[in-house]
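One structure below.
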Amino acid sequence: MLYRNFNFFFLVWVLLTSLTACQEEEYILPEPISQLTNDCLKRTIGPSIASLPIEFAYAMAIPKSQGKLVSAQVEASIPGGTGTYLEHRSYYTNSGGVDIPVTIGSPSTVVDAGKSSKVTFTVDTNAATLRYYYIVPDEAKGQTVSFTFSVNSSDGKTASYKMGPYNISKMSIKKNLTVSNGTNAFISIEDMAIYNATSAAAIPDKVDLVYLYRASPTSFTHGLVSPGADASFLPGVTLPSGLKKSTKLRKVFGLQDRNLANLQFGIYVDDIDLTSVDMTDMPNYAIGLRAEAGVWVETADKKYRAYIYINSVNATGSAVISMLRYTL
Amino acid sequence: MTIYFKIILTVLLLTGSFFSCEKDSFVDEDGLLITFRSECFVSNFELLGADFVTVRAAPAVIDTVAQTIDVSVLFGTDLKNVYPQFTLATDCKLDPKITGKMDLSNLADSKIFTVVSGNRLVRKPYKLIIKYQ
């Protein structure tokens with residue numbers, strides 16, 4: 001009897017469970033946005049380096065019944081460098097994947113001692129996505145920067161969106177420097193510049209490397225050699241007086257930093273790479289360099305580390321190089 | 001019949017416990033499987049620079065009788081920071097192990113690498129002879 005009762009209750013329990021399990025969950029319609037709202041995303045990836053832009057896309061909208069957009073502004077915690085601006089055009093992406101601009105106001109004005117950029121809408125619109133380009137200033141190196149995006153609407157409402165804080169790299173960047181065999185061949189990491197023999201003679205303590213090209217031996221080709229290197233790596237080179245620094249170099253291949261390679265590839269060299277690279281026992285010359293190769297550099301006084309990327313080489317004895325420099 | 005069954009069962013249990021307690025001796029001190037192979041030689045050799053690009057000027061010459069590896073390297077190769085790579089016969093291992101970059105700049109004192117066979121019974125020292133192109 002007990003067994004039969006147990007079976008019955010078990011059957012009822014199973015039926016009830018299956019009934020509950022099959023219950024359809026009712027779909028709840030999402031609440032439509034009924035007020036001024038905004039959103040933001042950072043489009044730039046990789047380290048934030050002084051002189052380069054950080055790009056944001058700031059979207060804002062208000063229901064048509066509530067009014068229209070009046071103005072949009074961005075405030076950075078550190079004033080942006082020259083070239084910082086908030087776009088006065090809203091972009092949408094067409095079916096071909098191309099960003100199409102639609103002008104919504106006059107070009108942005110910079111206010112609050114360079115901290116803020118503001119765009120006032122001149123068209124009657126209730127939705128827009130504006131790009132913001134923040135040029136990282138030199139004084140922001142090693143600090144963090146944050147942004148407050150905000151929008152005002154005709155009904156007197158304001159919406160805002162905070163982004164950051166973002167770490168700003170301690171690196172400096174210099175792109176597309178042309179070096180040539182025998183003429184503009186002297187490289188200063190401190191100045192991030194190329195000099196000829198006459199200029200180099202005036203600043204011997206600043207010259208860290210000499211660029212040279214030798215067709216023979218065949219493994220030599222394009223080289224970056226420190227003035228203090230063995231004479232066999234400086235064949236036929238008469239160094240200006242006073243050049244004697246011994247700079248450590250470490251060859252790399254396949255490290256095409258996106259910033260140095262003019263926005264090709266998807267690799268980034270960051271502060272941590274320059275601080276952690278092992279330069280112990282590295283030689284003071286790097287020969288056999290080719291396009292898309294690079295060298296880690298540590299100056300003789302250990303004040304700077306750098307990454308020099310070879311953008312292109314020319315068999316007539318010249319090359320285009322770019323560099324990232326980190327102050328230790 | 002039952003008594004025979006009990007005896008067989010007891011013998012099986014005893015045999016099982018005997019084998020289960022046997023020390024596992026098929027793995028060497030590096031945790032690598034010791035096999036029955038006695039082949040012991042270097043089949044290929046590569047030498048990479050700090051940028052992990054070859055610094056060889058020509059293919060390495062491996063003499064498995066004289067147990068030497070002759071390799072000529074490119075002009076300017078920094079032999080203080082190189083990564084040697086050995087390809088060995090199946091199941092062999094190398095002594096000393098290569099765990100990272102090596103300093104092979106002392107050309108007067110050729111480095112010796114010993115190949116140990118899969119059964120760990122045969123050891124063949126190879127002399128690595130490097131010269132500049």
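The values are calculated or read from the model by the stated rules, or taken from the named source; none is laboratory data. Note that this is a predicted model, so its numbers are computed, not measured. Methodologically, a virtual Cβ is constructed for each residue, glycine included, from the backbone with ideal geometry; neighbour enumeration extends over all protein chains shown. Calculation scope for accessible area: heavy atoms of the full protein, side chains included, ligands and nucleic acids excluded. Shrake-Rupley method; radii C 1.70, N 1.55, O 1.52, S 1.80 Å.
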* Please report, in debye to the nearest 20, how large the charge dipole of the stretch A:120-220 is about its Cα centre when each Lys and Arg carries +1 at its beta carbon and each Asp and Glu carries -1 there. => 240
* Asked: HN-Hα J couplings of the stretch A:213-227 from phi, Karplus 6.51/-1.76/1.60, θ = phi - 60°, integer Hz, Gly and Pro as x?
  -> 10, 9, 6, 10, x, 4, 7, 7, 6, 8, x, 10, 10, 7, x
* Given H placed 1.01 Å from N in the peptide plane, which residues other than close sequence neighbours of residue A:228 have an amide H under 5 Å from its amide H? -> A:245, A:246, A:247
* Considering the stretch B:24-132, what Rg and Dmax in Å follow from its alpha-carbon atoms? -> 14.6, 51
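For the stretch B:91-133, which trypsin sites (Lys or Arg not before Pro) are both in a DSSP coil and crowded by at most 10 other Cβ atoms within 10 Å? Could the numbers behind the result be given before it?
Working: sites: B:93, B:97, B:101, B:111, B:120, B:123, B:127, B:131; in loops: B:97, B:101, B:120.
Those that pass, being in a loop and sparsely packed, are B:97.
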* State to the nearest 20 debye the size of the charge dipole of the protein assembly as shown about its Cα centre, where the only charges are +1 on K and R beta carbons and -1 on D and E beta carbons. => 540
* Given A:93, A:280, A:74, which one lies farthest toward the positive end of the charge dipole of the protein assembly as shown, if we put +1 on the Cβ of every Lys and Arg and -1 on the Cβ of every Asp and Glu? -> A:280
* Asked: From the backbone phi of the stretch A:256-267, what are the Karplus-calculated ³J(HN,Hα) couplings (6.51 cos²θ - 1.76 cosθ + 1.60, θ = phi - 60°) in whole Hz, Gly and Pro given as x?
  -> 8, 4, 4, 5, 6, 8, 6, 6, 9, 6, x, 10
* What residues qualify as long-range amide H neighbours of residue A:155, i.e. H under 5 Å apart, gap of 5 or more or another chain, H built at 1.01 Å from N? -> A:68
* Asked: Between the helical axis of A:2-21 and the dominant principal axis of chain A, each derived from Cα atoms, what acute angle in degrees is found, rounded to the nearest 10?
  -> 60
* Structure fact -> Computed ³J(HN,Hα) along the stretch A:172-189: with the Karplus parameters 6.51/-1.76/1.60, θ = phi - 60°, integer Hz and x for glycine or proline, the list is 10, 10, 9, 10, 6, 9, 9, 10, 9, 4, x, 10, 7, 10, 9, 10, 10, 6
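Of A:68/A:157; A:115/A:162; A:170/B:101; A:244/B:80; A:248/A:303, which pairs sit farther than 19 Å apart, going by alpha carbon to alpha carbon? Intermediate values should be presented prior to the final figure.
On the way: A:68/A:157 10 Å; A:115/A:162 15 Å; A:170/B:101 30 Å; A:244/B:80 22 Å; A:248/A:303 12 Å.
Over 19 Å apart, Cα to Cα: A:170/B:101; A:244/B:80.
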* **the stretch A:37-167, relative contact order [Cα under 8 Å, separation at least 6], %** => 35
* To do: Taking the convex hull of the Cα atoms, report for the stretch A:37-167 its projected area averaged over all directions, in nm².
  => 8.1
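Dividing the convex hull volume of the Cα atoms of chain A by its residue count, what figure in Å³ per residue is obtained?
Values: hull volume 89.6 nm³, N = 328.
Enclosed volume per residue, from the Cα hull, is 273 Å³.
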* Structure fact -> chain A: relative contact order from alpha carbon pairs under 8 Å, six or more residues apart, as a whole percent, is 14
* **Whole-angstrom gap from the stretch B:78-133 to the stretch A:145-183, using each part's C-alpha centre** => 51
* Once Lys and Arg get +1 and Asp and Glu get -1 on their Cβ, which of A:246, A:7, A:144 lies farthest toward the positive end of the dipole of chain A? -> A:246
* Order the following by accessible area, largest value first: A:88, A:222. Probe radius 1.4 Å; ligands, DNA and RNA are ignored. => A:88, A:222
* Structure fact -> Asserting the computed 222 nm helical MRE of the protein assembly as shown (DSSP H runs at least 4 long, -39500 (n - 2.57) per run, divided by residue count, to nearest 500) equals -3500 deg cm²/dmol
* Roughly how many debye, to the nearest 20, is the charge dipole of the stretch B:24-132 about its Cα centre, given +1 on each Lys and Arg Cβ, -1 on each Asp and Glu Cβ, and no other charges? -> 240
* Structure fact -> In the protein assembly as shown, taking the dipole from +1 charges on Lys and Arg beta carbons and -1 charges on Asp and Glu beta carbons about the Cα centre, the listed residue (A:262, A:130, B:75) farthest towards the positive end is B:75
* Whole-Å distance, taken between Cα centres, linking the stretch A:63-126 and the stretch A:249-325 -> 38
